[in-house]
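Following: one structure in structure tokens, then a few remarks.
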Amino acid sequence: MIMVVGGTKEGREIVQALRDKNKIEEPYSEFKTIYGETVSRGVVFLQRGLNCPMTAHLIRKYKVRVLIDTIPIYFKGASTKAMSACKMTGVRYIKIEPPAACLNEKQNIYKAVNMEDACNKAMRFGKTIFLNIGNNNLNIFTKRAALENKRIIVRVSEQGALTNALKFGIERHDALLIDGIFSEAFSIGLIKEYDVSVFVTRDLGRGNGTDHELSASAAVNIPVVLLARPSLNYPEIFSDYNKLLRENL
């Protein structure tokens, strides 16, 4: 069995490719269990990472020989738990990390090493700050915004994060619950609609929306604060998962 962890675009595509590869050997059947994994054609698929003991339990239960981690690259804690489970059970761990976004040297892009640095940089530019930084760490920005009379527009992808955004003082019409990838045209529309002064985002890699956000910001000539990817010492890492599927599994 191969286990794929992470309901990202890469995760879903890898699961589909592996199951297609195995369809001749095993008739299609799929079932879900209490932990939320789906099992079919030699692949265990977990949409979300679990803690280390639960992941280790599933590895043993399904006799997993390889775990492919496609958890979003900014979810450092979840990947650390997956690595620990693999070390505990002695199975191979592979991290899929999308290639970094293409940066235009002529564009006003300010790299930030962490959320506090991103907040400090964003506060320099105009009145309205657009945040696409995930569902956590919003309070770092809202505290500063209240002190410096800045307006925060935030995109979140979960209902709980929307509730938190409102608790942190973000106005209801400035909190956007949107899942999926922004197109360039959609990003331009948001920037113009909210009169955004600076766009704060993460480098999720090519094909995951970051390129569209960068090109949209360049089109309307506003600066971008780009949060650096977290650094982890992965035992194996691939950017091209097609190469992984062809040559290494």
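Laboratory data are not the source of any read-out in this text; all were calculated from the coordinates shown. The structure displayed is predicted, hence computed values, not measured ones. Neighbour counts are summed over all protein chains in view; Cβ atoms, including those assigned to glycine, are modelled from backbone coordinates with ideal geometry.
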Worksheet item: Under the classification rounded if a/c is under 1.5, otherwise prolate if a/b is larger than b/c and oblate if not, where does the chain fall, given a ≥ b ≥ c as square roots of the Cα gyration tensor eigenvalues?
Response: prolate
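So what is the relative contact order of the chain, in percent, for Cα pairs below 8 Å that sit 6 or more residues apart?
20
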Worksheet item: With +1 on each Lys and Arg Cβ and -1 on each Asp and Glu Cβ, how big is the dipole of the stretch 112-212 about its Cα centre, in debye rounded to the nearest 20?
Response: 300
Fill in: Helix 210-219 axis, angle to the chain major axis (alpha carbon atoms, nearest 10°)
20
Worksheet item: Once you charge only the Cβ atoms, +1 for Lys and Arg and -1 for Asp and Glu, what is the size of the charge dipole of the chain about its Cα centre, to the nearest 20 debye?
Response: 620
Item to complete: Along Cα→Cβ, 7 Å out, is where each label goes; now give me the distance between the ones at ASN242 and ARG172 in nm to one decimal.
Response: 4.7
Worksheet item: Label points 7 Å out from Cα along the Cβ direction at SER157 and SER231: separation in nm?
Response: 2.6
Item to complete: Could you sort 171-184, 6-19 so that the peptide with the highest average Cβ count within 10 Å comes first and the rest follow in order?
Response: 6-19, 171-184
Worksheet item: What full-extension length gain, to one decimal in nm, is calculated for GLU13 and GLU193 as 0.36 nm per residue of separation minus the Cα-Cα distance?
Response: 61.4 nm
Worksheet item: Relative to the longest principal axis of the chain, what angle (0 to 90°, nearest 10) does the C-alpha long axis of helix 138-148 take?
Response: 10
Item to complete: Evaluate the charge dipole of the stretch 48-150 about its Cα centre and quote only its size in Debye, nearest 20, assuming +1 on the Cβ of each Lys and Arg and -1 on the Cβ of each Asp and Glu.
Response: 360
Worksheet item: From the phi of every residue in the stretch 85-93, what ³J(HN,Hα) in whole Hz does the Karplus formula 6.51 cos²θ - 1.76 cosθ + 1.60 yield, where θ is phi - 60° and glycine or proline is x?
Response: 5, 5, 5, 5, 9, x, 9, 6, 10
Fill in: Lys/Arg +1, Asp/Glu -1 at C-beta; the stretch 102-249 dipole; positive extreme among LEU214, PHE199, PHE182
PHE199
Worksheet item: PRE reach from THR80 (point 7 Å along Cα→Cβ): which of the stretch 98-142 fall under 14 Å by backbone N?
Response: none
Worksheet item: Based on the Cβ-Cβ distance from ASN139 to ALA219, what FRET efficiency comes out when R0 is 25 Å, to the nearest 0.05?
Response: 0.20
Discussion item. Between the stretch 176-233 and the stretch 32-52, how far is it from one alpha carbon centroid to the other, in angstrom?
Written reply: 31
Item to complete: Would you mind checking which residues have amide H under 5 Å from ILE133's amide H? H placed 1.01 Å from N; only 5 or more apart, or other chain.
Response: ARG155
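Between GLU116 and TYR35, what FRET efficiency comes out of the Förster formula 1/(1 + (r/R0)^6) with R0 = 30 Å and r the beta carbon distance, rounded to 0.05? Intermediate values should be presented prior to the final figure.
Working: r = 35 Å, r/R0 = 1.16.
The calculated FRET efficiency here is 0.30.
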Discussion item. Full-extension gain between GLU105 and MET88, please, as 0.36 nm times their residue separation minus the C-alpha to C-alpha distance.
Written reply: 1.7 nm
Item to complete: Specify the angular offset, from 0 to 90 degrees and rounded to the nearest 10, of the alpha carbon long axis of helix 184-193 from the longest principal axis of the alpha carbons in the chain.
Response: 30
Worksheet item: Amide H of VAL198: which non-local residues (sequence gap of 5 or more, or other chain) have their own amide H closer than 5 Å, using H built in the peptide plane?
Response: THR128, PHE130
